[in-house]
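Everything below concerns the one structure shown next.
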Amino acid sequence: MIGGLFVYNHKGEVLISRVYRDDIGRNAVDAFRVNVIHARQQVRSPVTNIARTSFFHIKRANIWLAAVTKQNVNAAMVFEFLLKIIDVMQSYFGKISEENIKNNFVLIYELLDEILDFGYPQNSDTGVLKTFITQQGIKSASKEEQAQITSQVTGQIGWRREGIKYRRNELFLDVLEYVNLLMSPQGQVLSAHVAGKVVMKSYLSGMPECKFGINDKIVMEAKGKGNGGLSGNTDSDPARSGKPVVVIDDCQFHQCVKLSKFETEHSISFIPPDGEFELMRYRTTKDISLPFRVIPLVREVGRTKMEVKVVLKSNFKPSLLGQKIEVKIPTPLNTSGVQLICLKGKAKYKASENAIVWKIKRMAGMKETQLSAEIELLETDTKKKWTRPPISMGFEVPFAPSGFKVRYLKVFEPKLNYSDHDVIKWVRYIGRSGLYETRC
Amino acid sequence: MTDSKYFTTTKKGEIFELKSELNSDKKEKKKEAVKKDCEDSNPLIRALAVRTMGCIRVDKITEYLCEPLRKCLKDEDPYVRKTAAVCVAKLYDISASMVEDQGFLDQLKDLLSDSNPMVVANAVEALSEINEASVSGQPLVEMNAPTINKLLTALNECTEWGQVFILDALSNYSPRDAREAHSICERITPRLAHANAAVVLSAVKVLMKLMEMLSDDTELVNTLSRKLAPPLVTLLSAEPEVQYVALRNINLVVQKRPDILKHEMKVFFVKYNDPIYVKLEKLDIMIRLASQANIAQVLGELKEYATEVDVDFVRKAVRAIGRCAIKVEPSAERCVSTLLELIQTKVNYVVQEAIVVIKDIFRKYPNKYESIISTLCENLDTLDEPEARASMVWIVGEYAERIDNADELLDSFLEGFYDENAQVQLQLLTAVVKLFLKRPADTQELVQHVLSLATQDSDNPDLR
């Protein structure tokens, strides 16, 4: 199991140090600093082995977080746990920074005590931890409250406490998708996939059972067959009958979802935690509607000039607007100056990033615009050809590129007197660019 | 190790008193202090006391811990019980004999049947660690079928870390027959949809092991294989460190059962911004999955990678092209032409790596690609790495009859004989002799020259 946990700042100074096992000595702290943080070359692996001790580290925002062990530990668990610690810290005091860590070190040591007992990860759910590890001193709780806290920490429904009440029962569903694309210079899609997640913010009273329905192909086909049998219609293909479906390759759920029910009937049923949480993550690779198409044209004129023309086409309903559009066109390292003409938006050459950054605030669907640039190059004598990095794009569109649609979310709370109809429900779809690249 | 535990917060204020009382010399006082906190009405305090107790590694105190620990293992509050389970593991670390003598192992085993899943999870982990650390080498607590059943029931309701503990313990268990293996598989497959990558990977580990037992039932194995592919692919959208661990595991899975991921080549294409460790692992897997069906795509990608910035990565990409040529015979032609293009780029390490790889291709497909030998000879001067030079020498020796000036080429190598690496020297020796066998008349002096160089002035016994 995890023998020790160390947190360093970017200079290598130790901010937090917690050792759980005897076999981790004092010199482990220094060994990591010397061999990884201050090593001359860049990091070649997140796992380092020094003198039979394994160091697993992640680096986020100038802070190094390292777990140390001498035993044969489950590597995936260690990394997931380190990521979880970062989540918990962010939930308590916001941004991870050296200052925040120094100001809250008592809290961090308390948290480490609770969630990593003797090197074994324990319940690390933020909602639950906040009920009994608070930043102020704990007020003496009554006996019922204490029992409630412990039953919640160890309980079956460890993510929601009893007795929650709201005057207005509301829930918000955000479908956030990231479209990832790799396109060849000739316009052929080399690989495309959508990584999506459904974030739910629920303000519901009691312990409501929720059922979530989406236009997943497997479910729709089963429904189609059922209806077909009744009405004598043998056409059970939902796509043909006009209803769009999404083919989900793989999905993963929050721990509150009853996985066994999903396995048998493909239905998503759960008791949600109060407030905001990530309900599910999914991935699709088929039938993705790519919101934007980038067509690059690069021409090298001799050794001192390069002409670049980039056409941008938007490929969605004209009534929708894409926002925060940014196209980043890489330029060679020996660029001396750039002349730009763009029909829409603003384009600037940023020497520090070696790229032309073209920003368009808003663009409606089924539109086309272009940018032409003349890049002047300095004379160089290196024979090495410039490897053209791909053109990358950023954007935000108000629909789900995978075709994912929420069909229903039903709420059942038998004990209290509000029904599914009384709950106010909001859904919104946000499609963002992940790694959206076109080679040129 | 225990210094950082004693911070003042109102909750832990009580522990300060505990410490001061323990430091006193009076035995009675020590006993009372420990007992008092373990019997506090607040379960949070009781659990905290148990946890702190386990961290005090002073021999005198350890004996006094046994009674309170025994009580806490049977406490009515599950939070206290779960902390007590971990405390037994701590105690084992301090004094293994005490744990065995005082019957804590049996109590831990009883906790496996506890109604609260978190208690079960902690008990499993404590037992697994004790088993591993046991001095005699034999597991102190055996896993049998009813225990496994209880673990599987708890699996559904634990936190994510508890699920990882239970799955890891399951991976050490060997089911008696195929039917039992089948039922365990059914209960574990829902875990593949969990958000935590460690749960998914542990589930995959158990399933891979159980699939061995089910190898007779091919239909079942196929169903399971199809279920395993999507979660493995999804793992590659996680944070880079988790991706790295997942890729290392996928490498093993692909070696054992290549058909699980045979259609998913695209997923392993390297992205420009991946960290170097992820890129190297993805490349390895790409080579393993290369087949006649996807070789065109793969070669296209490998060519792109060979123009990247990182030296290690580019070398590996070039080597990959060679391995693909050897693995997928119909593609060898295309691979060779790709390699030739790369040599034309005149980038030093690319050329050297390409020559080493071409030598391997010649060995596998003799007499097929000789037309390119002239191109290779043009680049002779740029070679400075021993492996590349040795490969070049081998090629010259092997195809000596096609190369008109083979003797001149070898002669130029011989001039710097002593500066060459031992590997190159050995190759030179072999090559010159081969040349002699093919063209005895012209090369007699050459042979005598090399033999004298090798035998008289060299220190290397292999060479002599």
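Here is how the numbers come out for the structure above:
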{"read-out": "Selection from segment A:241-268 of residues that are more than 13 Å from chain B (Cβ to nearest Cβ) and either in contact with a Ser or Thr (Cβ under 8 Å, 6 or more places away or on another chain) or in a strand (DSSP E or B) (or both)", "value": "A:VAL246"}
{"read-out": "Selection status of A:ILE295, surrounded by 15 or more Cβ atoms within 10 Å (Cβ to Cβ) and within 20 Å of B:ARG191 (Cβ to Cβ)", "value": "no"}
{"read-out": "Tabulated pairs, segment A:411-440, first touching a residue at least 12 places away in the same chain (Cβ under 8 Å) and away from chain B (no Cβ under 14 Å), second among the hydroxyl-bearing types (Ser, Thr, Tyr) and open to solvent by less than 20 Å² (accessible area, probe 1.4 Å), C-beta under 9 angstrom, 6+ apart or interchain", "value": "A:VAL411/A:SER202; A:GLU413/A:SER205; A:LEU416/A:SER205; A:TYR418/A:SER205; A:GLY431/A:SER402"}
{"read-out": "Which listed residue is over 26 Å from B:GLN448 (Cα atoms) and touching a Phe, Trp or Tyr at 6+ places or on another chain (Cβ under 7 Å), from B:ILE395, B:ILE373, B:ILE343, B:ILE358", "value": "B:ILE373"}
{"read-out": "Residues of segment A:59-94 satisfying the condition of being in contact with a strand residue (DSSP E or B) (Cβ under 6 Å, 6 or more places away or on another chain) and open to solvent by 30 Å² or more (accessible area, probe 1.4 Å)", "value": "A:LYS70"}
{"read-out": "Pair list, Cβ < 7 Å and 6+ apart or interchain, from segment B:255-279 residues that are away from every other protein chain (no Cβ under 11 Å) to residues that are basic (Lys, Arg) and surrounded by fewer than 14 Cβ atoms within 10 Å (Cβ to Cβ)", "value": "none"}
{"read-out": "Tally of residues being touching a helix residue (DSSP H, G or I) at 6+ places or on another chain (Cβ under 9 Å) and either open to solvent by 60 Å² or more (accessible area, probe 1.4 Å) or under 22 Å from B:SER174 (Cβ atoms) (or both) across segment B:210-236", "value": "16"}
{"read-out": "Residues (facing chain B (nearest Cβ under 9 Å) and of a type in the set (D, E, K, R)) located in segment A:59-82", "value": "A:GLU80"}
{"read-out": "Search result, residues across segment A:185-219 that are assigned to a loop (DSSP other than H, G, I, E, B) and among the aliphatic types (A, V, I, L, M)", "value": "A:LEU204, A:MET207"}
{"read-out": "Qualifying residue in segment B:323-340 (condition: within 13 Å of chain A (Cβ to nearest Cβ) and surrounded by fewer than 20 Cβ atoms within 10 Å (Cβ to Cβ))", "value": "no"}
{"read-out": "A:GLN41 being open to solvent by 10 Å² or more (accessible area, probe 1.4 Å) and closer than 20 Å to B:LEU280 by Cα", "value": "yes"}
{"read-out": "Counted residues, segment A:12-38 - those being in a loop (DSSP other than H, G, I, E, B) and open to solvent by 40 Å² or more (accessible area, probe 1.4 Å)", "value": "5"}
{"read-out": "Flag for A:ASN72 being free of Cβ contacts under 8 Å to residues at least 24 places away in the same chain and part of a loop (DSSP other than H, G, I, E, B)", "value": "yes"}
{"read-out": "Residues satisfying the stated conditions in segment B:326-338, i.e. assigned to a helix (DSSP H, G or I) and under 15 Å from B:GLU301 (Cβ atoms)", "value": "B:SER331, B:ARG334, B:CYS335, B:THR338"}
{"read-out": "Close pairs (6 angstrom Cβ cut-off, 6 or more residues apart or separate chains): crowded, with 19+ Cβ neighbours inside 10 Å in segment B:171-191, not in a helix (DSSP H, G or I) and not hydrophobic (A, V, I, L, M, F, W, C) anywhere", "value": "B:ALA181/B:PRO175"}
{"read-out": "Segment A:279-309 - residue that is part of a strand (DSSP E or B) and without any contact (Cβ under 8 Å) to a residue 12 or more places away in the chain and, of those, farthest from A:ARG432 (Cα to Cα)", "value": "A:VAL301"}
{"read-out": "Residue selected from segment B:71-104 under the condition part of a helix (DSSP H, G or I) and of a type in the set (S, T, N, Q), by the criterion nearest to B:ASN116 (Cα to Cα)", "value": "B:THR83"}
{"read-out": "Residue that is facing chain B (nearest Cβ under 9 Å) and touching a strand residue (DSSP E or B) at 6+ places or on another chain (Cβ under 6 Å), where the choices are A:PHE32, A:PHE56", "value": "A:PHE56"}
{"read-out": "Breaking point among (1) touching a helix residue (DSSP H, G or I) at 6+ places or on another chain (Cβ under 7 Å); (2) within 12 Å of chain A (Cβ to nearest Cβ), for B:GLU304", "value": "(1)"}
{"read-out": "Out of A:ASN169, A:ASN180, A:ASN123, sole residue that is buried (at least 18 other Cβ atoms within 10 Å of the Cβ), at pLDDT 85 or above and touching a helix residue (DSSP H, G or I) at 6+ places or on another chain (Cβ under 8 Å)", "value": "A:ASN169"}
{"read-out": "Matching residues, segment A:119-134, being closer than 27 Å to A:ASP22 by Cα and free of Cβ contacts under 8 Å to residues at least 24 places away in the same chain", "value": "A:GLN122"}
{"read-out": "Flag for B:VAL80 being at the interface with chain A (Cβ under 8 Å from one of its Cβ atoms), under 22 Å from A:TYR20 (Cβ atoms) and open to solvent by less than 10 Å² (accessible area, probe 1.4 Å)", "value": "yes"}
{"read-out": "Filter result for the condition that a residue is assigned to a loop (DSSP other than H, G, I, E, B), at pLDDT below 80 and hydroxyl-bearing (Ser, Thr, Tyr), over B:SER115, B:SER41", "value": "B:SER41"}
{"read-out": "Test for B:PRO175: is it farther than 23 Å from A:ALA75 by Cβ, away from chain A (no Cβ under 11 Å), assigned to a loop (DSSP other than H, G, I, E, B) and out of contact with any strand residue (DSSP E or B) (no Cβ under 7 Å at 6 or more places or on another chain)", "value": "yes"}
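Here is a yes/no grid of residues against (1) at the interface with chain B (Cβ under 8 Å from one of its Cβ atoms); (2) over 26 Å from the mean Cα position of the chain (by Cα); (3) among the β-branched types (Val, Ile, Thr):
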| site | (1), (2), (3) |
| --- | --- |
| A:LYS84 | no, no, no |
| A:ILE96 | no, no, yes |
| A:GLU99 | no, no, no |
| A:ASN103 | no, yes, no |
| A:GLU114 | no, yes, no |
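The values are calculated or read from the model by the stated rules, or taken from the named source; none is laboratory data. Here the structure is a predicted model, which means the values were calculated and not measured. All Cβ positions, glycine included, derive from the backbone under ideal geometry; neighbour counts span all protein chains shown. Side chains are part of the model used for accessible areas, which takes the heavy atoms of the whole protein and leaves out ligands, DNA and RNA. Shrake-Rupley method; radii C 1.70, N 1.55, O 1.52, S 1.80 Å.
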